[in-house]
Amino acid sequence: MDASVLRVEDRERRRRRPFFGAAFGTSCTRPWVSAESEDVRREPIDGVDRLSVRTRPPGLPIMHQHWGLLLFMHWSVPANMLRPLIPDPLAIDTYDGLAWIGITPFTMWGVRPAFTPPLPSLSESHELNVRTYVHLDGVPGVWFFSLDANNAVAALGARVAFHLPYFNARMSLERRDRTIYFSSRRAHRRAAPAEFEAVWTVGEKLPQCEPGSLEFFLIERYCLYSARGGKLYRVRILHRPWPVHAARLLSCRSTMIEAQGLPSPEGGLLLHQQGEPLKVRVWPKIRVR
């Protein structure tokens, strides 16, 4: 489709509905409840599987990086709505029968291959991810619908190395005391237009996420899945448990989810803000199917 047509359709879509606004709170109300079909449920995973994925993977990491200022934004959605976007044999991971979709703006630095110093062209980037949660063979993980980044070289490298759907974007991130300002506008050729702009404040420190809780389900994720050419891959990461704070959204407008062909989220929004920065190690991808 011609890019000008996409832009016109995007403008029309925005006229028909408001951007996400400050009316979204920090509570979660479980909208769009619907029963799942058996093929969506697949085989459920238990608490042991969710804890064991946090252990160190075998072998050695191939990358090191630091993550900071990450905001988790989550909405519950019917799992059947996501099924056409998730390749088999991945099962959609659910909590109390509901799937979840998330947007995560953050920044990273110190990105480097193992055993080498950070490279000037690769070591820093802002990112904005759209994600959901899946599992395979008892291993829970993240499925990324999109990853926008303002470092074109790093985005290209991740596309090649990990088969992830990275897109180039123009981004800005600023922190003033306890208030964070983040904006992103996709600039990738032949990609669906997508933009995001949000302002939020960091609240009080929260207790560590408890296994079995919704917060643990959403936040404590230590692997990702990707696909290419009919093959499925898993990538493991390792870092200490997420330090989290409360967050309050002051304003937000976004077309990141709509760019996936999905409807705008409705109802409650669940927010969690990263506390201290995390040092992250990344292991090589392995083929699982």
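Each residue in the stretch 217-271 was checked for being more than 25 Å from F162 (Cα to Cα) and not β-branched (V, I, T), and 20 pass. With respect to the stated conditions, S254 is polar (S, T, N, Q), within 20 Å of H126 (Cβ to Cβ), touching a Phe, Trp or Tyr at 6+ places or on another chain (Cβ under 6 Å) and in contact (Cβ under 8 Å) with a residue 40 or more places away in the chain. Counting only strands (runs of 3 or more DSSP E) wholly contained in the stretch 174-289, no element carries 2 or more residues that are modelled with pLDDT under 95.
Give the number of residues within the stretch 159-173 that are part of a helix (DSSP H, G or I) and either small (G, A, S) or buried (at least 19 other Cβ atoms within 10 Å of the Cβ) (or both). Please lay out each step first, then the result.
We begin by selecting, within the stretch 159-173, every residue part of a helix (DSSP H, G or I); these are 159-162.
In the following step, the residues that additionally are either small (G, A, S) or buried (at least 19 other Cβ atoms within 10 Å of the Cβ) (or both) were identified as 161-162.
So the count comes out to 2.
For the stretch 58-80, a residue qualifies if it is under 29 Å from P263 (Cβ atoms) and buried (at least 20 other Cβ atoms within 10 Å of the Cβ), and the qualifying residues are L70, L71, F72, M73, H74, W75, S76, V77, A79. If you check F167, F182, F216, F145 for being of a type in the set (F, W, Y), under 24 Å from P265 (Cα atoms) and without any contact (Cβ under 8 Å) to a residue 40 or more places away in the chain, only one passes: F167. A search for C-beta distances below 6 Å between a residue of the stretch 93-112 that is more than 30 Å from V153 (Cα to Cα) and at pLDDT below 95 and any residue that is part of a strand (DSSP E or B) and acidic (D, E), counting only pairs 6+ apart in sequence or on different chains, returns nothing. Among the residues of the stretch 52-72, those identified as over 15 Å from V282 (Cβ atoms), outside any loop (DSSP other than H, G, I, E, B), in contact (Cβ under 8 Å) with a residue 60 or more places away in the chain and not aromatic (F, W, Y) are G68, L71.
The values are calculated or read from the model by the stated rules, or taken from the named source; none is laboratory data. Worth saying up front: this structure is predicted, and the values here are computed from it rather than measured. Neighbour counts run over all protein chains shown; Cβ positions are idealised from the backbone, glycine included.
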